[in-house]
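A.B. asks: Quick one: structure below, then a few questions.
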Amino acid sequence: MSKRLFTVVATATVTAAALLSGCSSSASAGGKTTLTYMTFETPDLTAAFWKSSIAAAQATVPGISIKQVVAPSTDRDTYAKQLEASGQFPDLLESITPSLYTSANLLTAYPQSWINANFLLPQGNAIKGKVYIPPTNSQIIPMVFYNKADFAKAGITSTPATWAEFEADCAQLKAAGLTPIELGGKDSFAAAMPLTGAISANVLGKNPQWLQQRYAGSVHFADSDVVSAAQEMRTLVTNNDFEQGALNVSYADSITNFNDGKAAMYPMGSWYLGSVPKNEWNNIGVFLWPSDDGSQVVPFSVGGSMAVSSKAPDQSDAFKFAEAWSLNPSNLKTLIEGDGAFPMLKNKSLADFDVTVSPVYTDSYSYVSGTNNKVSSIGWATNDDSMPGSMNNDFYAAAQALFNTNDVQGQMAKLDQDWTSATQGQ
Amino acid sequence: MTVTVTSPPRRAPWLRTLRYDAGLRALAGLGLVLYAVFIVLPLFMSLHSSLTNANPLYASSKFVGLANYRQMLHDDALHSAVIYTLELAFGVTIVANVIGFAFAVLLNRTNLSYRVLRTLAFLPQVISGVITGFVWETILTENGVLNTLLLHLHVIGQPIDWLGDPHLAQLSVGIVTAWVLSGFTTVVYLAALQSIPQELYDAASIDGAGPSRRLRSITVPMTAPATTICVTICMITVMKLYDIITVLTGGGPAFATQSAAQYIVQVAFTSDEFGYASAIAIALLAISAALALSVTHVLRRREVNL
């Protein structure tokens with residue numbers, strides 16, 4: 001290589017290296033702590049919401065500068081992992097699944113005294129006894145929303161409590177010329193709502209430790225009780241209870257379809273409450289996914305706000321900001337009204353959040369505040385019951401597969417294989 | 001008045017050559033550096049990673065030898081994704097080339113309207129894969145443009161599950177990908193057609209060759225190099241297909257349309273098996289390279305024989 005060529009190559013290499021090193025993490029500058037904060041945007045959690053909520057938290061904790069990193073989609077976990085892989089793990093991460101990061105010691109737990117002092121279910125999303133995201137809100141996944149006018153048209157006078165009653169109501173709705181169930185099956189998480197409901201109600205309802213026992217290997221998806229629950233979803237398919245071409249309907253379209261009255265029931269997470277149109281507030285009702293024996297089971301998931309990275313340069317400032325953000329009622333107001341979130345702050349009633357909610361929201365919230373059988377919603381839990389690795393995706397895909405196969409046992413056995421793969425090396 | 005014109009001092013020819021050479025070397029050097037930094041280096045990093053149990057959440061990793069490569073032999077999900085990708089590559093390459101060639105023959109005119117049509121034919125190639133996916137999702141979804149049109153024309157009695165039925169979803173992905181690539185093949189075949197001397201066609205006509213004979217004996221042989229390019233590029237493009245499928249079907253229903261590239265991302269960032277994902281990526285690269293080399297070898301021989 002000639003000297004000239006060497007110079008050119010060396011210069012270009014240094015330039016490229018300098019360009020690549022431009023992506024750096026947070027730091028302290030001019031006495032101010034700069035923290036990177038990964039957020040995400042939805043139609044309700046807009047850029048303006050994040051901007052104002054960050055500014056409000058900064059106002060209560062002076063001296064902190066926030067560099068916002070917006071995830072390109074609502075899949076925060078994949079993006080957070082990509083950032084970690086490229087050495088850019090954010091200092092603060094909004095609404096992630098903490099169990100995915102705790103084994104790598106990437107998160108710092110919140111002080112338990114602060115959690116105990118401020119939240120209704122301090123251990124609601126704890127992992128091995130430690131809380132990595134403040135349990136600010138919760139969801140029920142799924143609930144069954146229904147169109148009261150359609151039920152009346154079909155002559156159904158009360159909501160079903162048992163699986164047999166549910167099947168009978170589906171038949172009655174079809175006889176009245178109505179489509180029983182709306183399903184946005186093109187998006188696998190939405191396709192899995194009936195499967196999540198059936199397994200949560202009939203398996204976890206009877207054995208709340210089921211997921212822990214699955215980790216221990218003492219129960220399996222291929223066991224008869226899980227197969228029997230999954231068979232219920234297959235029955236809905238073979239009975240044509242879902243709308244025609246349900247796997248061709250996107251999640252977004254399914255909301256539109258149900259709001260337009262194209263189906264009588266809609267199994268979805270309680271976040272749908274934020275999408276009930278005002279003119280339908282008195283026409284949409286809600287009930288829990290029916291269990292075989294009629295016992296009431298609430299598939300529950302305690303969510304929360306931001307996790308703090310163990311790599312954050314100033315842990316104290318990071319927690320100060322995270323705590324201020326998490327306790328700000330106006331942030332929860334947006335989540336309650338737009339995302340149907342159920343607030344879990346201590347000593348706060350709905351009125352304290354200055355929210356306007358629908359009657360169906362109030363009915364749904366009664367399942368949270370009431371004393372009942374709350375179990376982890378399979379595929380949605382954020383605590384020790386969260387499933388390993390890619391199991392959530394595999395679980396959702398199994399629900400889609402049940403549209404095209406009678407081999408329910410085989411699909412559940414495949415989930416056991418997937419579980420084995422997902423837990424290898426853990 | 002006398003005007004004296006002074007010509008600029010002339011540089012010696014050897015000096016000009018030297019400077020010209022230096023400029024070329026600088027440009028080539030820069031290209032080499034960029035290639036090394038963005039292609040060769042990541043390739044070696046990936047190769048190294050494929051021999052470890054690297055996890056995106058952990059800074060350190062252990063050397064595991066060929067364990068990741070052995071794992072591939074027993075991974076049914078990977079086999080399904082690779083088989084689907086190969087089927088897609090094979091089908092899309094044929095369809096995109098046939099359509100591209102047909103379009104090129106039809107558009108091989110010089111007037112303005114044909115030039116506009118040529119631009120339109122190239123349009124699918126210009127649009128980003130993500131936008132293509134969104135547009136086709138709007139067309140193929142349950143209440144989409146296609147079902148609405150077919151229902152209004154009474155061609156079908158109820159909407160077709162273009163993206164919901166596993167087989168139809170696979171077909172839909174193939175159609176959309178072929179649509180995108182046909183824009184590219186059309187342009188390449190057009191360029192090849194325009195380089196064929198008109199005299200050849202005139203002489204053939206005088207000799208009594210009809211349109212079909214002229215196509216077989218002049219057009220097809222003379223566009224053989226273009227076929228080699230189009231077939232190779234189409235195959236490579238489909239082998240690494242990610243964006244269109246992600247937007248159009250998300251790899252569903254039930255992973256029926258999951259491509260090998262999508263599976264790699266899933267394994268790396270959902271299952272956290274970065275080392276294994278690297279091994280799959282290296283294997284996919286090897287398969288793609290072997291395919292491209294084989295196809296090029298066969299088609300080059302065909303070019304000579306035609």
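The values are calculated or read from the model by the stated rules, or taken from the named source; none is laboratory data. None of the values given here were measured: they were computed from a predicted structure. Note that each Cβ is placed from the backbone with ideal geometry, even for glycine, and that neighbours are counted across all protein chains shown. Calculation scope for accessible area: heavy atoms of the full protein, side chains included, ligands and nucleic acids excluded. Shrake-Rupley method; radii C 1.70, N 1.55, O 1.52, S 1.80 Å.
A.B. asks: Could you list, in sequence order, the residues of region B:125-143 that are modelled with pLDDT under 90, buried (at least 19 other Cβ atoms within 10 Å of the Cβ) and not acidic (Asp, Glu)?
C.D. replies: B:Thr141
A.B. asks: Also: I'm told A:Met391 meets every condition in (1) away from chain B (no Cβ under 12 Å); (2) buried (at least 21 other Cβ atoms within 10 Å of the Cβ) except one. Can you identify the failing condition by its number?
C.D. replies: So A:Met391 meets the others, but not (1).
A.B. asks: Which residues, taken from region A:384-426, are over 15 Å from the mean Cα position of the chain (by Cα), in a helix (DSSP H, G or I) and hydrophobic (A, V, I, L, M, F, W, C)?
C.D. replies: A:Ala397, A:Ala398, A:Ala399, A:Ala401, A:Val408, A:Met412, A:Ala413, A:Leu415, A:Trp419, A:Ala422 - these are the residues of region A:384-426 that are over 15 Å from the mean Cα position of the chain (by Cα), in a helix (DSSP H, G or I) and hydrophobic (A, V, I, L, M, F, W, C).
A.B. asks: Right, here's the next one. Just to be sure before I move on: is A:Lys320 free of Cβ contacts under 8 Å to residues at least 60 places away in the same chain, part of a helix (DSSP H, G or I) and not assigned by TED's automatic domain parsing to the domain that holds A:Phe189 in the structure I sent?
C.D. replies: no
A.B. asks: Given the conditions (1) surrounded by 15 or more Cβ atoms within 10 Å (Cβ to Cβ); (2) assigned to a helix (DSSP H, G or I), and given that B:Trp162 satisfies all but one, which numbered condition is not satisfied?
C.D. replies: Tallying (1) surrounded by 15 or more Cβ atoms within 10 Å (Cβ to Cβ); (2) assigned to a helix (DSSP H, G or I), B:Trp162 fails exactly one: (2).
A.B. asks: Kindly establish whether A:Pro329 is in contact with a strand residue (DSSP E or B) (Cβ under 7 Å, 6 or more places away or on another chain) and either in contact (Cβ under 8 Å) with a residue 12 or more places away in the chain or under 22 Å from A:Leu288 (Cβ atoms) (or both).
C.D. replies: No, not satisfied.
A.B. asks: While we're on this one: Search region A:368-382 for residues being open to solvent by 30 Å² or more (accessible area, probe 1.4 Å) and either part of a loop (DSSP other than H, G, I, E, B) or within 13 Å of another protein chain (Cβ to nearest Cβ) (or both), and hand back the single one that is nearest to A:Lys186 (Cα to Cα).
C.D. replies: Of everything passing the filter in region A:368-382, A:Trp380 is nearest to A:Lys186 (Cα to Cα).
A.B. asks: Open to solvent by 50 Å² or more (accessible area, probe 1.4 Å), under 20 Å from the mean Cα position of the chain (by Cα) and without any contact (Cβ under 8 Å) to a residue 12 or more places away in the chain: does that describe A:Pro72?
C.D. replies: Taking the combined requirement at face value, the residue satisfies it.
A.B. asks: Just to be sure before I move on: is A:Ala152 over 15 Å from the mean Cα position of the chain (by Cα), open to solvent by 10 Å² or more (accessible area, probe 1.4 Å) and over 21 Å from A:Ser369 (Cα atoms) in the structure I sent?
C.D. replies: Here the answer is yes, as A:Ala152 does meet what is asked.
A.B. asks: Just name the residue that is farthest from A:Asn240 (Cα to Cα) out of those in region A:181-211 that are within 14 Å of another protein chain (Cβ to nearest Cβ) and not in a helix (DSSP H, G or I).
C.D. replies: That would be A:Asp187.
A.B. asks: Six or more apart or on different chains, Cβ under 6 Å: which pairs go from a residue in region B:228-241 that's basic (Lys, Arg) to one that's open to solvent by less than 50 Å² (accessible area, probe 1.4 Å)? Could you list them?
C.D. replies: Cβ pairs passing all conditions: B:Lys240/B:Ala261.
To keep it simple, each residue is scored yes or no on (1) of a type in the set (S, T, N, Q); (2) assigned to a helix (DSSP H, G or I).
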| residue | (1), (2) |
| --- | --- |
| B:Gly29 | no, yes |
| B:Tyr35 | no, yes |
| B:Tyr58 | no, no |
| B:Ser80 | yes, yes |
| B:Val98 | no, yes |
| B:Thr110 | yes, no |
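A.B. asks: Looking only at residues in region B:129-159 that are away from chain A (no Cβ under 14 Å) and part of a loop (DSSP other than H, G, I, E, B), which one is farthest from B:Gly100 (Cα to Cα)?
C.D. replies: B:His154
A.B. asks: Looking only at region B:28-58, filter to residues that are open to solvent by 90 Å² or more (accessible area, probe 1.4 Å) and at the interface with chain A (Cβ under 9 Å from one of its Cβ atoms); which one of those is nearest to B:Ala283 (Cα to Cα)?
C.D. replies: B:Phe38
A.B. asks: So which residues in region A:34-58 are of a type in the set (S, T, N, Q) and crowded, with 16+ Cβ neighbours inside 10 Å?
C.D. replies: A:Thr34, A:Thr36, A:Thr39, A:Ser53, A:Gln58
A.B. asks: I'd like to know if region A:232-241 contains one or more residues that are farther than 21 Å from B:Gly252 by Cβ, touching a helix residue (DSSP H, G or I) at 6+ places or on another chain (Cβ under 7 Å) and outside the structural domain of A:Tyr110 (by TED's automatic domain parsing).
C.D. replies: yes
A.B. asks: Can I ask one more? Please tell me if A:Gly155 is at pLDDT 95 or above, small (Gly, Ala, Ser) and either under 24 Å from A:Gly285 (Cα atoms) or not in a helix (DSSP H, G or I) (or both).
C.D. replies: yes
A.B. asks: Then there's this: Would you tally the residues in region B:59-72 being open to solvent by 60 Å² or more (accessible area, probe 1.4 Å) and touching a Gly at 6+ places or on another chain (Cβ under 6 Å)?
C.D. replies: Going through region B:59-72 one residue at a time, the tally reaches 0.
A.B. asks: Which of the residues belonging to region A:358-376 are among the hydrophobic types (A, V, I, L, M, F, W, C) and at pLDDT 95 or above?
C.D. replies: A:Val360, A:Val375
A.B. asks: Which count do you get for residues in region A:258-296 that are in a helix (DSSP H, G or I) and either more than 14 Å from every other protein chain (Cβ to nearest Cβ) or surrounded by fewer than 21 Cβ atoms within 10 Å (Cβ to Cβ) (or both)?
C.D. replies: 10
A.B. asks: Looking only at region A:337-364, count every residue that is open to solvent by less than 30 Å² (accessible area, probe 1.4 Å) and either under 23 Å from A:Val308 (Cα atoms) or not hydrophobic (A, V, I, L, M, F, W, C) (or both) and tell me the total.
C.D. replies: Final tally of qualifying residues: 10.
A.B. asks: While we're looking at this one, here's another question. Would you point out the residue of region A:84-123, among those that are among the aliphatic types (A, V, I, L, M) and within 11 Å of chain B (Cβ to nearest Cβ), that is farthest from A:Thr136 (Cα to Cα)?
C.D. replies: Among them, the one singled out is A:Ala85.
A.B. asks: Return yes or no: is A:Ser386 touching a residue at least 12 places away in the same chain (Cβ under 8 Å), buried (at least 19 other Cβ atoms within 10 Å of the Cβ) and within 14 Å of chain B (Cβ to nearest Cβ)?
C.D. replies: Answer is yes for this residue.
A.B. asks: Continuing with the same structure: Could you list all residues from region A:105-120 that are surrounded by fewer than 17 Cβ atoms within 10 Å (Cβ to Cβ) and part of a loop (DSSP other than H, G, I, E, B)?
C.D. replies: The answer is A:Asn105, A:Pro111.
A.B. asks: Report the residue count in region A:158-189 for those that are at pLDDT below 95 and crowded, with 24+ Cβ neighbours inside 10 Å.
C.D. replies: 4
Yes or no, residue by residue, for (1) in a helix (DSSP H, G or I); (2) open to solvent by less than 20 Å² (accessible area, probe 1.4 Å); (3) in contact with a Gly (Cβ under 6 Å, 6 or more places away or on another chain):
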residue: B:Val247; (1), (2), (3): yes, no, yes
residue: B:Gly251; (1), (2), (3): no, yes, no
residue: B:Ala254; (1), (2), (3): no, no, no
residue: B:Leu285; (1), (2), (3): yes, no, no
residue: B:Ala289; (1), (2), (3): yes, no, no
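A.B. asks: State all residues of region B:96-124 that are among the polar types (S, T, N, Q) and either loosely packed, with under 14 Cβ neighbours inside 10 Å or within 14 Å of chain A (Cβ to nearest Cβ) (or both); if no residue qualifies, say none.
C.D. replies: Of everything in region B:96-124, those that are among the polar types (S, T, N, Q) and either loosely packed, with under 14 Cβ neighbours inside 10 Å or within 14 Å of chain A (Cβ to nearest Cβ) (or both) turn out to be B:Thr110, B:Asn111, B:Ser113, B:Thr119.
A.B. asks: Let me ask something additional. Looking at region B:182-197, is at least one residue under 26 Å from B:Ala254 (Cβ atoms) and either modelled with pLDDT under 90 or open to solvent by 50 Å² or more (accessible area, probe 1.4 Å) (or both)?
C.D. replies: The answer is no; no qualifying residue exists.
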